[in-house]
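Contents: one structure, followed by commentary.
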Amino acid sequence: MIETICIVNSQVPFARGGAEMLVDSLAAELGRRGFVVDTVALPFHWPERVDLLKSALAWRLVDLTAAGGRKIDRVIATRFPSYAVQHPNKVVWLVHQLRQVYDLQGSRYSDFADERPRDRRTIEMVRQIDRRTLGEARAIFTISQNVAERLRRGNGLAAEVLYPPPPRDGAFHPGAFGDYVFAVGRLDRLKRFELLVRALAHTETPVRCRIAGTGPEERALGDLAERLGVAGRVELLGWVEDAAVVDLYAGALAVFYAPFDEDYGYVTVEAFRAGKPVVTAADSGGVLEFVEDGATGFVCPPDAPREMAARLDLLFRDRERARALGTAGAARVAGIGWDRVIAALTG
Amino acid sequence: MRLAWYSPLPPQRSGIADYSAELLPALAREAPDLAIELVVDDGVRPAPALAARFPVHGARALPGLLAAGRFDLVLYHLGNNRDFHAGIYRALLEHPGVVVLHEVVLHHLVRDVTLYAGDPDAYARELAYAYGRTGEALARRALATGVPLEPWSAPLFERVVDRSLGVIVHNDYVRRRVLASRPLSRLAVVPHHLDLGGSLGEASPPDREAARDAQGLPAGAFVVASFGFFTAAKRPEILLRAFARLRRERPEAVLVLAGEVSPHYDFARVFTPDLRAGVTITGRLELPDFLRWMAACDIAVNLRHPTAGETSGTLIRLLGMGRPVIVSRAGAFAEIPDGACAKVDVDDSEEELLLAYLLRLAADPGLRRAMGENARAYVAAHHTLAGSARAYAAFLRDTVAAKPEPFDARPPLLPYPEDDLLTDLAREVTTELVDLGAGEADDDLLRAVAEGIAGLGL
């Protein structure tokens with residue numbers, strides 16, 4: 001009998017990121033394999049602490065056991081608080097929890113402070129919601145070892161890792177090793193593109209960078225490049241079409257990708273699919289599950305621009321080394337594919 | 001105490017202006033410690049009798065006078081007519097003081113100074129302030145559809161009360177209505193006074209026979225009368241039908257509608273030819289004529305539903321003149337003691353009961369006299385000008401002594417610890433449920449929500 005599956009996702013209206021792409025890809029791949037599938041999203045917006053609880057409660061009150069006379073056999077939940085939904089056959093493919101109350105707490109990326117009673121209570125309650133509603137799932141998968149480790153640390157729950165293939169998987173291909181380091185993504189603070197700009201200020205070779213994407217940090221990046229005197233070698237491309245992104249990967253010398261404690265990071269897999277080495281930072285989270293220093297790319301301390309500059313110079317001077325690292329990277333991610341993901345999620 | 005008195009005043013044509021003009025001299029007499037100065041809308045020149053006795057300021061001068069410490073307190077008289085109260089309303093919001101809430105439904109006034117002044121968002125904000133999201137939703141729907149809101153269900157007195165240092169109302173009905181929304185209000189009930197002494201310059205009320213002669217009534221006529229400005233809320237339809245039936249048994253009965261019919265009221269639909277026999281509609285009357293009709297009638301009928309909680313000055317006057325009166329058992333009217341008037345329920349029996357009272361009273365002059373005497377005694381005891389003045393003075397003195405601050409009494413009234421997010425959640429979810437129309441009886445829904453919260457592990 002054909003199985004009916006509902007994918008649930010909490011969504012920030014007008015924002016499309018990795019989680020939305022993952023849900024779209026998953027729905028398409030399930031459909032391709034004959035499942036009857038649909039996605040359900042509720043908006044996620046929490047101007048006040050209590051709105052986090054309200055969002056979780058909203059999901060809790062949604063009945064997804066059946067719809068329009070059709071029984072829903074399985075629910076696949078993705079991220080906080082969509083996994084609060086109730087279903088006898090709830091499977092979680094965890095993209096991320098509310099990171100502000102876990103790994104980001106105490107960093108500059110979270111404004112939750114333990115010394116504020118209201119914050120402390122919110123943290124407790126969100127963690128309690130996670131323990132209860134993730135704990136009741138029939139199976140928990142995560143999109144990376146990093147996410148699985150956080151879940152273990154934060155909630156004492158074990159999970160199996162299922163790496164999602166990037167969208168447009170199959171489009172990426174190797175090409176010439178040009179004179180630029182490519183970087184792509186939303187230009188926000190967590191992605192730390194400024195580390196690349198700072199490194200360029202210390203390179204000896206004329207290596208340059210091309211950064212694709214838009215976001216709140218766009219202007220600050222441009223200003224920083226001006227201030228460091230590297231504006232001529234920092235190209236902010238803005239929004240770039242998918243096909244052009246593929247070409248930018250193909251022609252790159254290497255790919256820079258050093259977000260702070262990334263959950264997973266499609267960019268790593270895309271770079272390796274294109275046979276490019278990845279330069280990252282030692283605190284970049286899920287990226288480090290694939291980038292091994294000196295084997296598939298370079299891992300630099302996040303606060304050592306000279307060190308990163310030296311690695312960029314090395315790759316610029318030795319294109320064969322770059323090619324070898326990239327090829328090793330491609331082998332590292334060769335096992336990532338939808339067949340395995342779908343089999344696990346529907347098993 | 002230095003008191004600013006901001007009110008419409010004669011020659012402005014308003015019941016509240018007359019009320020103020022009657023009360024001011026009495027207050028000055030009863031409470032010599034009050035140094036009263038008048039504040040009026042700019043351009044208004046109070047009647048010479050008042051202007052000679054009290055200093056007068058235009059409203060524009062009020063902020064400067066307050067800043068200079070000229071007054072200990074401002075007293076604001078609020079009613080619904082924008083021509084007389086828009087400025088008072090704005091001044092109160094700016095400079096909190098004691099407010100006399102002449103009626104509890106201020107919706108018309110608030111709508112006039114927001115929506116009809118071209119600011120629909122302000123109208124929605126006022127409804128949201130008073131009634132939360134439900135209020136805002138009501139406003140948005142009214143704005144979108146063009147169907148006006150029913151003012152009685154959204155009286156909009158809340159901000160006025162929140163911005164006041166004390167509230168004076170005329171009856172217990174309004175007191176209870178205000179306290180239901182704002183339980184911590186400083187509030188005093190000062191019954192609407194009756195001034196038979198003639199501070200408006202009227203002669204003492206004419207006697208019955210002279211009045212009947214003056215109005216050209218036949219000697220044996222049995223006169224039923226209703227007074228005021230006729231809208232649907234005065235229930236002329238009920239009165240006309242009951243009267244037509246009365247007349248079948250008492251052909252000498254006549255009905256006088258003493259006053260003007262509202263141009264917004266489709267009276268022609270009600271006043272069908274079969275109901276016209278013996279009925280006179282006077283149209284707008286000057287006060288002496290109005291009083292003559294009061295003196296001339298055998299029974300006065302003063303029905304009212306729905307009610308904005310106002311105490312009817314006309315009704316108090318009728319009672320004070322010793323007229324037997326039939327009223328609706330609604331709002332403030334229900335507070336008049338049973339022996340002093342007859343009360344008609346506002347339900348299916350309204351017309352039958354009214355007819356029964358009319359027949360009974362028509363047949364029994366002794367009963368009419370007794371009711372009238374009770375009414376006169378009641379008003380003499382509870383609605384004197386001096387009594388009003390003393391009650392005002394006491395409340396104003398208390399207010400100054402208490403040094404109250406405006407108090408935003410919007411819920412929640414009970415503070416709870418800031419880290420009690422579960423109460424936050426319960427409160428917000430409850431608000432949503434109430435907005436959706438849920439109540440205590442909706443066990444299944446409430447259970448589902450409770451289970452949802454429990455299911456989150458909270």
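Observations
- Accessible surface buried by the B/A pair amounts to about 1600 Å², both sides summed, 1.4 Å probe.
- DSSP bridge orientation in chain A - percent antiparallel, rounded to nearest 5: 5
- Tensor-based shape of segment B:410-458 (alpha-carbon gyration tensor, a/c under 1.5 rounded, otherwise prolate or oblate): oblate
- Convex hull volume per residue, computed on the Cα atoms of chain A, equals 133 Å³.
- Shielding of A:78-84 by partner chains, average beta-carbon count, 10 Å: 1
- Hypothetical label at A:R108: residues of segment A:266-309 whose amide nitrogen lies under 18 Å (7 Å Cα-Cβ projection): A:281-285, A:301-306
- Sum of -39500 (n - 2.57) over DSSP H runs of 4+, divided by residues of chain A (222 nm, nearest 500): -11500 deg cm²/dmol
- Per-selection Kirkwood Rh - segment A:196-239 (Cα, Å, 1 d.p.): 10.5
- Around the amide H of A:L94, modelled in the peptide plane, lie the amide H atoms of A:F141, A:T142, A:I143, all under 5 Å away and 5 or more residues distant in sequence or on another chain.
- Debye-sum result for segment B:331-375 in log10 I(q)/I(0), which assumes one identical scatterer on each alpha carbon, at q = 0.13, 0.21 Å⁻¹: -0.31, -0.76
- Whole-number accessible area per residue in Å² for segment B:410-458, which is evaluated in the context of all protein chains at 1.4 Å: 64
- For segment A:189-200, 3J(HN,Hα) computed residue by residue from phi via the Karplus equation (6.51, -1.76, 1.60; θ = phi - 60°) reads 4, 4, 7, 6, 5, 5, 4, 5, 5, 5, 5, 4 Hz, glycine and proline entered as x.
- Computed 3J(HN,Hα) for segment A:318-325, one whole-Hz value per residue from the Karplus formula 6.51 cos²θ - 1.76 cosθ + 1.60 where θ = phi - 60°, is 10, 5, 5, 4, 4, 4, 5, 4, glycine and proline marked x.
- Rounded, prolate or oblate (a/c below 1.5 giving rounded, otherwise prolate when a/b exceeds b/c) for segment B:138-294 by Cα gyration tensor: oblate
- Label-zone membership for segment B:309-343, site B:F229, 7 angstrom Cα→C-beta point, backbone N under 16 Å: B:309-315
- Residues considered: A:W239, A:W59, A:W93. Largest GNM mean-square fluctuation over chain A, using C-alpha springs under 10 Å, is found at A:W239.
- Measuring between their Cα centroids, segment B:250-305 and segment A:321-347 lie 93 Å from each other.
- Given their separation in residues at 0.36 nm each and the Cα-Cα distance between them, A:D38 and A:H173 gain 45.5 nm when the chain is fully extended.
- Taking only Cα atoms of segment B:208-383, radius of gyration then Dmax in Å: 14.8, 44
- For a label point 7 Å along the Cα-to-beta-carbon line of B:R125, residues of segment B:93-114 with backbone N under 16 Å: B:93-95, B:110-114
- 10 Å Cβ neighbours from other chains, averaged over peptide B:429-439: 1
- Close Lys pairs in the protein assembly as shown, defined as Cα atoms under 26 Å apart and 8 or more places apart or on different chains, number 4.
- Built from the Cα atoms of segment A:194-320, the convex hull projects on average onto 7.2 nm², one quarter of its surface area.
- Summed over the residues of segment B:208-383 and divided among them, the accessible surface reaches 41 Å² per residue at a probe radius of 1.4 Å.
- Inverse of mean 1/r across different Cα pairs in the protein assembly as shown, Kirkwood, Å: 33.3
- Each of A:Y180, B:G132, A:V12 was scored by the projection of its Cα onto the charge dipole of the protein assembly as shown, and the greatest displacement toward the positive side belongs to B:G132; charges sit on the C-beta of Lys, Arg, Asp and Glu.
- Backbone geometry of segment A:202-208 corresponds, through the Karplus equation with coefficients 6.51, -1.76 and 1.60 at θ = phi - 60°, to 3J(HN,Hα) couplings of 10, 6, 9, 7, x, 4, 10 Hz, x marking Gly and Pro.
- Cα Rg, Dmax (largest Cα-Cα span) when computed across chain B, Å: 24.7, 85
- Cβ-based charge dipole, the protein assembly as shown, positive-most Cα from A:L22, A:L325, B:A219: B:A219
- Ordering of B:174-181, B:435-442 by burial proxy (mean other Cβ atoms within 10 Å per residue, highest first): B:174-181, B:435-442
- Rounded if a/c under 1.5, otherwise prolate or oblate - segment B:209-256, Cα gyration tensor axes: oblate
- Between amide H atoms placed 1.01 Å from N, distances below 5 Å from A:G178 occur with A:A252, A:L253, all of them 5 or more places distant or on a separate chain.
- With Cα atoms defining each centre, segment B:92-147 and segment A:258-300 are spaced 59 Å apart in the structure.
- Amide proton proximity set for B:A342, modelled H, under 5 Å, gap of 5+: B:V325, B:I326, B:V327
The values are calculated or read from the model by the stated rules, or taken from the named source; none is laboratory data. None of the values given here were measured: they were computed from a predicted structure. A quick note on method: Cβ atoms are made from the backbone with ideal geometry, for glycine too, and the neighbour counts reach across all protein chains shown. Heads up: the accessible areas ignore ligands, DNA and RNA and are worked out on the full protein's heavy atoms, side chains in. Shrake-Rupley method; radii C 1.70, N 1.55, O 1.52, S 1.80 Å.
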